[in-house]
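Notes follow once the structure below has been shown.
No lab work stands behind these numbers, since they all come straight from the coordinates. All figures in this text were calculated on a predicted structure; none of them were measured in a lab. No Cβ is skipped: glycine too gets one built from the backbone with ideal geometry, and neighbour counts run over all protein chains shown.
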Amino acid sequence: MLEDWVSVGYLVSAIFFIFGLKNLGHPRTAPRGNQYGMLGMAIAVVTTIIDMNFFPDGIVGWTLIGSGILIGSLIGYIMAVKVEMTGMPEMVALFNGFGGAASALVALSETWKWIETTSPEPGLGATVAIVAAGLSALVGWMTLSGSLLAMYKLKGGVEIFGKWIRTPTWGPAWLNPVKALLFVSVLALIYLSIEDPTNTDYIWAIIGISCVLGIILVLPIGGADMPVVVSLLNSLSGIAAAFTGFIINNSVLIVAGSLVGASGLILTFIMCKAMNRQLFDVLFKSFGGGEKQELTRTKVGSDADEVAMMADGAQKIIIVPGYGMAVSQCQHQVKEFADLMQDKFDTEVKYAIHPVAGRMPGHMNVLLAEANVPYEQLIEMDDINPEFPECDMAIVIGANDTCNPAARTGEGPLAGMPIIDADQARTVVIIKRSLSVGYAGVDNDLFYEDKTMMLFGDGKAMMTDLNNAIKDL
Amino acid sequence: MTPELLIGSITLFVLSIFLGVELITKVPAMLHTPLMSGANAISGISVVGALLGANVAYDAGDTVTSGILAFIALVLAMINVVGGFAVTNRMLNMIAGKKRGA
């Protein structure tokens, strides 16, 4: 019987997902990993379509199915091809939200089938389906609203009627009990709906509360913690798919969903570790916007010509990019600077990448790759740190906390966070708008050292000035 | 559904979570974004559920709302899947292309 072989199709698809994820974790095999993922997905879709042919009525919804696949693929493809590399974080967040919403909508569609035809026969099967539908709705809608908010946070704001409105970060301490209360009330509603699965009041309440939960979960989380949130939401969208698998009793949804859920969670922990923070603290103890240290010292700014003179004849320069580089979009000017130095003085230029620099896991890598920086020059923190003492100049562009020596003292909010040892370089140039404190609210001693030169201003403008000054040398 | 079947599904769920944890151990920062967006595309697997749900006779009229909901799910899931894999592919080409060019 061919019907019995349908599960084998799903098994093969699940195996491709496993190999896909495995291969995505290594630079050499990553492109292959992505292809395995695509293949697994194609097999799952084809298997499902074959499976539906064996239904008593066969496939009766060709119009819906065909147009759905076509429209979705087209939109997805166009969006993926058109997006600028700098807009990648927002795009990933948006797709993520769509994934969560799709799982939740499948759950809603199943529930609606019960309303429109007959409720499921009371029994174990019905209970499992109802509970799974509720959980899938909770996680799925939460992922959608959370991801949309995260997207606007990554963008920095939203334009409404020509007015730019900054995405707020707001989270008083009393919001945490509210989150817990809403979470428990959704669980209670799911419990109630076991008895009365076609009660639409319960359904709308679950959807509404879940959306609110997603928003108030992301709202208090400020800039530097965004990489953690984005990868956590990614994990949640997988969990939602797994719950949906329980409703329709489909193994490939359960396997693929929980694989993504677990691997997303691991990535989340990698991000937390890089900031030396606990996931719980990131989510429930917002520390951005808390008490910020008063600035008591001042520092005279330098200008581009002065920096260019110092850079004259440098043997080795290490560039330390941060979120400021992403904001001012100056990665091309940075690359131009590296090329100039290489051509003129045969300088060795490298880039020190802190794991949580930017607003998305791997943000700096994506931006610099877009500017055609060879990836051998992008060195991870642990590997580059020993090279700073022999480096003539470290150029910090729009980064602060990730190179704040206060982290070594073992006190304050930054205590114990691994940092880039930019302060070990012979000269340190810092391109930044002002002396203001970073996300952690801690003043940075590095700014005030004698060997540090501050270039106050926008990253793009400053890098352009610097490049011109180098050309004039 | 029999209790055995439920236990089977839960076993699958738990073991897959452990497998997922083991799969991703040390990932270089360079791959954080592609890994995330690739995994994100895989989470579009709910496309399978959407396909099954959208298989309704639109004209018959008995499960119209359910079918439309599944249709929207199908569109969103396909955006997630196709967009996610395409974006990952673009990023990886950029990174891998550098490697050869440098």
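Based on the alpha-carbon gyration tensor of region A:1-82 and its eigenvalue square roots a ≥ b ≥ c, which shape applies: rounded if a/c is under 1.5, prolate if not and a/b is larger than b/c, or oblate? If you can, show how the numbers build up before the last one.
Values: a/c = 5.50, a/b = 1.34, b/c = 4.11.
Note, shape of region A:1-82 comes out oblate.
GluC sites (Glu not before Pro) within region A:1-95: which are DSSP loop residues with at most 11 other Cβ atoms inside 10 Å?
Numbers: sites: A:3, A:84, A:90; in loops: A:84.
Passing sites in region A:1-95 are A:84.
Only the Cβ atoms of Lys and Arg (+1) and of Asp and Glu (-1) were treated as charged; on that basis the dipole of the protein assembly as shown about its Cα centre amounts to roughly 260 debye.
In this calculation the C-beta distance from residue A:57 to residue A:195 is compared with R0 = 41 Å, giving a FRET efficiency of 0.85. Stokes-Einstein diffusion for region A:361-406 at 37 °C, viscosity 0.692 mPa s, with a Kirkwood radius from C-alpha pairs, works out to 267 µm²/s.
At full extension, residue A:332 and residue A:163 could sit 57.9 nm farther apart than now, given 0.36 nm per residue minus the alpha carbon distance. Both radii come from the Cα set of chain A: Rg as radius of gyration, Rh as Kirkwood radius; their ratio Rg/Rh reads 1.04. Panel order for A:103, A:136, by other beta carbons found within 10 Å of each beta carbon, from fewest to most: A:136, A:103.
Measuring how big region A:88-284 is from its alpha-carbon positions, Rg and Dmax come out at 17.3, 55 Å. Taken about its Cα centre, region A:178-335 carries a charge dipole of about 340 debye when Lys and Arg each add +1 at the Cβ and Asp and Glu each add -1 at the Cβ.
For region A:88-284, a simple Cβ point-charge model (Lys and Arg +1, Asp and Glu -1, everything else neutral) yields a dipole of about 740 debye relative to the Cα centre. Within chain A, antiparallel bridges make up roughly 15 percent of the DSSP beta bridges whose residues both belong there.
Label region A:104-211 by shape, choosing from rounded, prolate and oblate, from the square roots a ≥ b ≥ c of the eigenvalues of the Cα gyration tensor; if a/c is under 1.5 it is rounded, and otherwise prolate applies when a/b is larger than b/c, oblate when it is not.
Values: a/c = 3.30, a/b = 2.01, b/c = 1.65.
Verdict is prolate for region A:104-211.
Between the amide H of residue A:430 and those of A:396, A:453, A:454, A:455, distances stay under 5 Å, these residues lying 5 or more places away or on another chain, with hydrogens modeled in the peptide plane.
Note on B:5-13: average number of Cβ atoms from other chains within 10 Å of each residue's Cβ is 5.
With an 8 Å cut-off on Cα pairs and a minimum separation of 6 or more residues, tell me the relative contact order of region A:248-381 in percent.
Values: 96 pairs, mean separation 30.2, N = 134.
It rounds to 23 percent for region A:248-381.
Considering only alpha-carbon pairs that sit under 8 angstrom and 6 or more positions apart, the relative contact order computed for chain A is 14 percent.
Sorting the segments A:110-117, B:35-42, A:36-43 by their mean number of nearby beta carbons within 10 angstrom, highest to lowest, gives B:35-42, A:36-43, A:110-117.
With contacts defined as alpha carbon pairs under 8 Å and 6 or more residues apart, what's the relative contact order of chain B in percent? All intermediate terms of the calculation are to be shown ahead of the outcome.
Details: 58 pairs, mean separation 30.4, N = 102.
That works out to 30 percent.
Taking the charge dipole of the protein assembly as shown about its Cα centre, with +1 at Lys and Arg Cβ atoms and -1 at Asp and Glu Cβ atoms, the residue from A:180, A:260, A:190 reaching farthest to the positive side is A:260.
The GluC sites (Glu not before Pro) of region A:260-340 that DSSP puts in a loop, and whose beta carbon has at most 13 other beta carbons within 10 Å, are A:291, A:294. Measure off 7 Å from each Cα along the Cα-to-Cβ vector at residue A:303 and residue A:456, then give the distance between these two points in nanometres to one decimal. Distance between the two pseudo-spin positions: 1.4 nm.
For the listed peptides A:59-70, A:186-197, a ranking on the average number of other beta carbons within 10 Å per residue, highest first, reads A:59-70, A:186-197. Counting Cβ atoms of other protein chains within 10 Å of each residue's Cβ and taking the mean over peptide A:243-252 gives 5.
For the residues of A:263-275, the average number of beta carbons from a partner chain within 10 Å of their own beta carbon is 4. In the structure shown, the pairs A:350/A:471; A:299/A:335; A:113/A:153; A:285/B:26 are assessed against 25 Å; a Cα-Cα span above that value is assigned to A:299/A:335; A:113/A:153; A:285/B:26.
Taken over region A:272-389, the convex hull of the Cα atoms encloses 149 Å³ per residue. For region A:410-415, putting each phi into the Karplus relation 6.51 cos²θ - 1.76 cosθ + 1.60 with θ = phi - 60° gives couplings of x, 10, x, x, 8, 3 Hz, in residue order, rounded to whole numbers and with x for Gly and Pro.
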